[in-house]
Amino acid sequence: MSASEPLPSSTVILLREEAAGGEPFSVLLLERHGSVAFPGAHAFPGGVVDPGDHDAPGTALPVDQTWAPPGEGDGPGEALPYWVAAVREMFEEVGILLATRAGHPLEGPLGDDLMTLRTRSHGGEPFPKLLAQHGLVPATDQLWYFARWITPPQNPRRFDTRFLVGRVPQGQDAVIDGTECVSCRWYTPREALSVYEDGGIVLLPPTVRTLDELSGFTSIDAVLDDARRRVVRAVRPEVGSDGGLPTLSYPDNTGNPDQAPRRLVLRDGRWRPA
């Protein structure tokens with residue numbers, strides 16, 4: 001694969017209900033370690049697809065997911081490894097495991113026997129096989145397609161990233177791995193954007209764009225219902241300028257006529273919704 005070819009990757013927009021504060025839900029953001037891609041940036045859990053993600057017996061895609069027409073985006077015939085990668089990366093980075101045992105969701109705090117699998121998965125052992133040893137299957141059918149963004153060709157390192165969205169398993173919370181990420185926190189979308197604009201955290205443009213969109217939803221159910229209907233297509237942001245300021249235009253890639261394109265402007269060192 002050439003340096004300019006985007007790396008296939010996945011990321012998880014993980015949501016949980018908020019009991020107070022006037023916001024309906026929060027989203028998990030982690031702080032990247034200085035030795036990995038995008039050091040110091042706050043991002044959703046995720047990473048590059050591994051070879052072992054292609055062999056995951058028992059996994060399935062959401063039965064109610066809408067798909068793009070052939071040639072315009074992912075279809076159910078080739079999408080599953082991205083869903084497996086998303087579950088794996090979330091477990092490796094923040095210790096949250098979206099899985100089932102005998103058809104029932106895995107809930108509650110994870111025991112030491114499962115948490116030790118993080119190190120083995122980090123070490124390259126096939127993730128689905130590690131789970132199978134404990135009677136578990138990645139619950140890929142509990143993640144829905146939210147977006148797909150391809151890094152513009154101008155960037156020296158490029159990614160073709162599937163953004164998937166789901167609900168945190170009951171009774172589980174994030175435990176950082178200390179290698180790929182050094183901290184994590186639940187933010188409401190508006191809170192994350194406010195902290196970012198004040199200089200408290202670093203966000204990459206796709207994260208800003210996603211948080212801006214999430215801020216318009218009134219509940220997790222509304223987010224997931226919208227994701228089920230999305231027809232996600234493969235597009236990349238368009239680089240431009242406005243009054244001498246760099247811009248990134250994110251066209252709608254979902255086929256939703258109510259979804260307006262979003263544009264970010266780089267102002268005072270921050271990508272801000274225009």
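The values are calculated or read from the model by the stated rules, or taken from the named source; none is laboratory data. Computed from a prediction, not measured in an experiment: that's the story for all the values here. As a convention, Cβ positions derive from the backbone with ideal geometry for all residues, glycine included, and neighbour counts pool all protein chains shown. These area figures cover heavy atoms from the full protein model, side chains too; ligands, DNA and RNA do not enter into them. Shrake-Rupley method; radii C 1.70, N 1.55, O 1.52, S 1.80 Å.
Remark on residue 167: its backbone amide H falls under 5 Å from those of 15, a criterion applied only to residues 5 or more positions apart or on other chains, H modelled at 1.01 Å from N.
Residues whose amide H lies under 5 Å from that of residue 147, counting only those 5 or more places away or on a different chain, are 163; hydrogens are built 1.01 Å from N in the peptide plane. About its Cα centre, the chain has a charge dipole of approximately 460 debye under the convention of +1 per Lys or Arg Cβ and -1 per Asp or Glu Cβ, with nothing else charged. Out of every Cα-Cα pair that region 139-256 contains, those further apart than 17 angstrom amount to 66 percent. In order along region 23-30, the phi-based Karplus estimate (6.51 cos²θ - 1.76 cosθ + 1.60, θ = phi - 60°) of 3J(HN,Hα) comes to 10, x, 7, 10, 10, 8, 10, 10 Hz; Gly and Pro are listed as x. Computed on protein heavy atoms with a 1.4 Å probe, the accessible areas place 238, 31 in the order 238, 31, largest first. Placing unit charges on each Cβ (+1 for Lys and Arg, -1 for Asp and Glu) gives the chain a dipole about its Cα centre, and among 152, 67, 245 the Cα reaching farthest toward its positive end belongs to 245. With the helix formula -39500 (n - 2.57) applied to DSSP H stretches of n ≥ 4, the chain reaches a computed 222 nm mean residue ellipticity of -6000 deg cm²/dmol. Projecting the Cα positions of 82, 218, 97 onto the charge dipole of the chain (unit charges on Cβ atoms of Lys, Arg, Asp and Glu, taken about the Cα centre) puts 82 furthest along the positive direction.
Charge dipole (Cα centre; +1 on Lys/Arg Cβ, -1 on Asp/Glu Cβ; no other charges) of region 132-274 amounts to roughly 420 debye. From the residues 187, 8, 116, which one has its Cα farthest along the dipole of the chain in the positive direction, the dipole being from +1 and -1 charges on Cβ of Lys/Arg and Asp/Glu about the Cα centre? The Cα lying farthest towards the positive end belongs to 8.
Taking a ≥ b ≥ c as the square roots of the eigenvalues of the alpha carbon gyration tensor, region 1-145 is rounded, as a/c is under 1.5.
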